[in-house]
1. Which GluC sites (Glu not before Pro) from segment 1-73 combine a DSSP loop assignment with at most 16 other Cβ atoms within 10 Å?
2. Using the Kirkwood radius built from alpha carbon pairs, what does the Stokes-Einstein equation give as D for segment 68-123 at 4 °C and 1.567 mPa s, in µm² per second?
3. What percent of all Cα-Cα pairs in segment 736-832 falls in each 10 Å bin, counting up from 0?
4. Could you give the length gained by full extension between residue 561 and residue 521, i.e. 0.36 nm per residue of separation minus their alpha carbon distance, to one decimal place?
5. First measure r as the distance between the Cβ atoms of residue 55 and residue 465, then evaluate 1/(1 + (r/R0)^6) with R0 = 60 Å and state the FRET efficiency to the nearest 0.05.
6. Among 165, 53, 638, which residue has its Cα furthest toward the positive end of the charge dipole of the chain, with +1 on Lys/Arg Cβ and -1 on Asp/Glu Cβ?
7. Is the shape of segment 648-696 best called rounded, prolate or oblate, per the rule: a/c under 1.5 gives rounded, else a/b larger than b/c gives prolate, else oblate, with a ≥ b ≥ c the square roots of the Cα gyration tensor eigenvalues?
8. Of 449, 304, 255, which is farthest on the positive side of the dipole of the chain, counting Cα position, with +1 on Lys and Arg Cβ, -1 on Asp and Glu Cβ, and the Cα centre as origin?
Amino acid sequence: MMSQQNQQPQPIYLKDYQVPAYLIARTELRFELDEEETLVRATLQVRRNPACTRSRAALELHGHESLELCRLSINGEILSERDFSRDEELLTVSAVPEAFTLECLTRIHPEQNTALEGLYKSDGMFCTQCEAEGFRRITFYPDRPDVMSVFRTTVVADRTRYPVLLSNGNPVESGYENDGRHFVTWEDPFPKPAYLFALVAGDLAVLEGSYTTASGRAVKLQIYADSKDLDKLDHAMLSLKRAMQWDEQVYGREYDLDIYMIVAVDFFNMGAMENKGLNIFNTSCVLASPQTTTDAAFQRVEGVVAHEYFHNWSGNRVTCRDWFQLSLKEGFTVFRDAEFSADMNSRTVKRIEDVSLLRTAQFAEDAGPMAHPVRPESFIEISNFYTLTVYEKGAEVVRMLHSLLGAEEFRRGTDLYFERHDGQAVTTDEFVQAMADVSGRDLTQFKRWYSQAGTPRVEVSDSWDEVTGRYQLSFRQSCPATPGQQEKLPFHMPIAYGLLAAGGEELAAGVLELTEAEQSFSFEALPERPVPSLLRGFSAPVKLNYGYSDEQLLHLLRHDSDGFNRWDAGQRISVALMQSLIADYRGGRELLLPDSLVDTWRSLLNDVSLDPAMVAHLLRLPSEAYLAELADVIDVEAIHEVREFLLKALAKALLPEWSAAYSRCSREEPYTPDAAACARRSLKNLSLGYLLATGEEVWLTLAEEQFNNADNMTDQQSALALVVHSGFRQAGERLLAEFQAQWQHEALVMNQWFSIQASDPWPGALERVQWLQEHPLFDARNPNKLRAVVAAFCGQNAVNFHAADGSGYAYLADWIIQLNKQNPQIASRLLTPLTRWKRYPDQVQGLMKNQLTRILDSGELSRDVYEVVSKSLA
Ligand code: 0A1
Ligand code: ZN
């Protein structure tokens with residue numbers, strides 16, 4: 001597992017896939033949980049896989065080096081050391097019968113497990129995380145997703161400390177032992193791969209609910225959490241019921257077990273996990289209450305609860321053949337949860353948020369050393385491939401299929417896919433094949449989206465013939481080289497479009513299908529030269545360029561029937577202006593705010609007929625991260641200074657409008673979390689940000705009032721973050737202290753307190769994070785705390801992370817070296833900002849690379865960190 005310079009971990013290739021030699025019909029597990037050590041007895045019904053052509057293949061069981069093997073037997077005969085061999089990854093038994101019972105007793109140490117993979121302890125409770133390859137830290141097993149088995153699990157533990165004992169499926173038996181322990185046996189009738197196994201034991205409170213499926217079956221719903229958080233589970237429960245209903249209505253998918261459980265845990269590497277019937281969630285993705293949770297976090301809870309629920313069909317009933325197919329379940333499930341959220345809230349706003357994430361973070365991933373296709377060809381450590389590319393770009397690929405086929409045909413495709421492959425472990429090819437079969441379309445070229453990495457570029461030009469009324473759009477597509485892929489072939493992409501007349505009405509609209517490197521489309525007999533609205537709804541994950549004039553963009557901003565493109569037109573205006581201001585800043589020229597922008601913004605701010613959420617999105621300046629992604633060479637300081645200049649200039653130029661918008665949106669009504677109220681809060685807090693950017697004390701007073709009087713976390717936290725980040729030093733300290741006093745017992749709220757400080761762009765942030773790390777509420781073993789401090793500083797505080805002396809880089813490298821052994825997954829994720837060194841000026845590159853080299857030379861590296869560092873330096 002750990003590697004040294006001389007024996008480096010080797011990649012695994014998709015092309016080397018082989019079917020498993022042995023299958024497991026039944027898995028029986030017995031866990032004896034204990035503070036010091038846990039005993040796991042596994043009884044497996046094994047038989048040769050008839051589909052495996054390798055005769056006399058050995059039985060290979062994965063087993064992490066931390067497993068202590070106590071006893072191994074086949075059909076009751078204990079094996080001696082000569083009967084099997086073991087290395088860091090595998091236990092191999094060379095001679096086994098055709099079908100047999102294997103029994104394996106192992107001892108494990110959950111209390112020492114800081115990697116949070118396998119069985120571990122989170123704040124006094126036992127829990128598991130088995131995706132992707134965590135089950136091999138629990139017992140010896142063919143830990144691969146194409147081995148699916150029925151599980152029966154008995155959990156034994158002390159009655160008083162662990163009154164709640166959970167596992168997958170339905171509870172079938174329970175009772176007491178005579179030594180103060182009790183047990184519960186669970187049986188999951190649906191065959192599943194080991195990565196979906198889960199176990200929880202602890203002293204937990206529960207919120208119960210119920211749901212009756214479309215066919216009339218009653219399902220018990222349970223959400224477990226620490227008793228102090230019992231009042232924060234209603235939103236998750238409501239979201240779950242909505243998700244269950246939505247999946248019935250939109251996909252015809254019903255839940256299949258009698259019970260559905262969610263457990264909230266504090267120590268978790270990711271957001272949540274879809275274990276069959278027993279989801280385990282990071283507290284940050286399940287707990288919600290108006291007093292402690294922002295609007296954004298409410299939406300995240302809704303989305304993640306739905307995401308994990310939807311996995312029951314897209315992931316669990318139909319699962320992945322191997323981990324290269326990860327996007328089969330993740331891309332599809334992200335698409336499903338995005339559509340669900342769009343239906344529950346504002347479709348346009350959801351799309352704007354998702355595309356913003358894709359265009360900043362996923363495009364940056366595509367342009368970095370870890371760029372990979374939606375279906376990667378190789379990996380060293382699979383944990384490194386739970387990426388924006390697999391999740392978000394994967395969802396865009398599914399969305400494109402939806403656009404190409406249309407909603408009805410797409411639904412027939414998913415019906416066929418679920419029916420054909422229920423209970424199977426399949427590949428992305430099978431998913432696309434179902435779509436091809438229902439539509440009669442040839443999707444061979446489309447599949448390049450799965451195999452070619454990189455963000456395609458689409459250059460568009462047009463021509464107009466006054467005499468015939470012929471309008472022509474010409475497209476040219478290309479895709480930059482990515483690691484291991486120099487040449488790319490053209491993609492099959494849907495380009496949703498509309499053609500707008502001067503009066504704003506639509507002359508034509510539809511979806512163009514681009515398949516060639518260069519391709520033109522003509523529109524005949526148009527009454528006038530149109531303004532093209534291209535890539536509506538962001539119909540393909542590409543960078544599209546057309547030489548829009550400001551007038552054309554303003555026209556789209558005013559008239560486009562596609563809300564997304566209206567927003568995007570505004571973004572294009574802002575981006576173009578900021579790019580020219582960045583050039584001015586670098587050239588030492590004075591920065592000026594054009595009157596035209598002020599006029600446009602004024603009319604948007606004054607237009608009370610517009611959705612306030614939309615106005616807020618339109619008037620939020622493009623993020624530093626997005627501008628960085630668009631730059632040839634990233635000038636961190638120039639980007640930051642230009643954005644600050646614009647904030648201040650727009651604040652001053654539109655002062656009465658910001659103030660009016662603020663007042664208009666601050667109604668004296670009690671808090672509600674509905675979409676309209678969220679929309680008002682977002683415009684109100686955006687306005688407050690601009691007001692504070694003036695630096696005038698009156699607005700500080702307003703912000704402090706909002707902070708003090710808020711009946712919800714969105715308003716209170718926005719006020720805090722805005723005061724701190726606007727550079728009101730003293731007031732900021734005062735509010736931070738008050739906030740801490742008020743919320744010190746709420747871990748998730750305090751995470752926000754940490755991250756507001758860590759992302760503070762003003763000088764001194766490095767000293768601040770070093771101080772925060774010593775705070776009694778900081779805990780370096782808790783991933784949420786690391787994200788709130790380390791990731792917030794390195795990922796959301798560009799000016800400070802990129803300090804000219806390289807101190808930010810050294811700070812991150814210190815953390816990586818410390819976390820490498822403690823929690824490799826988190827270490828490797830935190831590393832991302834350092835991997836982007838090629839995007840910065842020469843002198844910066846050297847400083848960043850030095851730290852990467854320092855990590856590489858720091859001793860034994862986990863596969864996770866080794867893969868990212870070595871690929872970054874290659
Ligand atoms: N399948 C989960 C994501 C997940 C992946 C790995 C984990 O542990 C390392 C945890 C969760 C999802 O998509 O929600
Ligand atoms: Zn998922």
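The values are calculated or read from the model by the stated rules, or taken from the named source; none is laboratory data. Please read these numbers as outputs of a predicted model, since none were measured by experiment. Neighbour counts are summed over all protein chains in view; Cβ atoms, including those assigned to glycine, are modelled from backbone coordinates with ideal geometry. Note: accessible area is taken over every heavy atom of the protein model, side chains too, but ligands, DNA and RNA are not part of it. Shrake-Rupley method; radii C 1.70, N 1.55, O 1.52, S 1.80 Å.
1. On the way: sites: 28, 32, 35, 36, 37, 60, 65, 68; in loops: 35, 36, 37, 65.
Counting only loop positions with at most 16 other Cβ atoms within 10 Å, the GluC sites (Glu not before Pro) in segment 1-73 are 35, 36, 37, 65.
2. Numbers: Rh = 13.3 Å.
Answer, rounded: 97 µm²/s.
3. Going from the shortest bin to the longest, the percentages are 17, 51, 28, 4.
4. Details: separation 40, 0.36 × 40 = 14.40 nm, distance 2.15 nm.
Here the segment from residue 561 to residue 521 would lengthen by 12.2 nm.
5. Details: r = 71 Å, r/R0 = 1.18.
Rounded to the nearest 0.05, the efficiency is 0.25.
6. 53
7. Working: a/c = 2.79, a/b = 2.48, b/c = 1.13.
Since a/c reaches 1.5 and a/b is larger than b/c, the shape of segment 648-696 is classed as prolate.
8. Final value for the positive-end residue is 449.
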